[in-house]
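First the structure, in the form of structure tokens, and then the observations on it.
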Amino acid sequence: MNFDIKVAVADSVKEKYRFDIEKDIREALQVVPLQHLTKLSKIIVQYEPPQHNANAMGSYFGNREGAREPYILLCAKNLMSCFPHHLPIVSKLAYILYLRDTLYHEIGHHHQRLTHGVKKERWEENAKAYSRHMQRLKYKQSFVGKIIFGMADFFRSKAAT
């Protein structure tokens, strides 16, 4: 990927969690087409959620929300509260899944505003579909992903016949 988007991780997040969040975000961005990131100025990771949504794992701020330059805000507190920290292997996998799902979801909001006018009542549905699509692309590149999606495609084709 030639696009170098700014990723800012708050020091409080770096100190609290053992994951390299910036590296994991950049890795997740590898499957996102460059044109979907156009005009996105940065991705910020902070500990606390935005004031307008205390349960948010992420938020997209575009021109409609008053941002001069569109950006994505990820909330570490809410992202990290979703999985068991006492099980290291499970927590790493869950963290990666939640991080990617949230990041792709917010990029979906950005992409839909850049490319087409989705009705407000369909924003969330469209962003979820975008996230599922990007995750499918990302996981198809891994050995485990190829097995999982290969099996899903096989059973889907059997059900269709």
Checklist line | Which numbered condition Y130 fails, given (1) modelled with pLDDT of 75 or more; (2) out of contact with any His (no Cβ under 7 Å at 6 or more places or on another chain) | finding: (2)
Notebook entry, point to check: Restricting the search to the stretch 25-51, which residues are in contact with a helix residue (DSSP H, G or I) (Cβ under 7 Å, 6 or more places away or on another chain), more than 18 Å from Y130 (Cα to Cα) and among the β-branched types (V, I, T)?
Noted result: V45
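This table checks each residue for (1) free of Cβ contacts under 8 Å to residues at least 60 places away in the same chain; (2) acidic (D, E).
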| residue | (1), (2) |
| --- | --- |
| K6 | yes, no |
| S12 | yes, no |
| D24 | no, yes |
| E27 | yes, yes |
| V32 | no, no |
| K42 | yes, no |
| H52 | yes, no |
Margin query: So, in the stretch 30-74, how many residues would count as being among the hydroxyl-bearing types (S, T, Y) and under 18 Å from W123 (Cα atoms)?
Written below: 3
Check: Here are some residues: E124, E69, E106. Which one is of a type in the set (D, E), exposed (fewer than 12 other Cβ atoms within 10 Å of the Cβ) and modelled with pLDDT of 70 or more?
Finding: E69
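The values are calculated or read from the model by the stated rules, or taken from the named source; none is laboratory data. As the structure is a prediction and not an experimental result, all values here were calculated from the model. For neighbour counting, all protein chains shown are included, and Cβ atoms are generated from backbone atoms with ideal geometry for every residue, glycine included.
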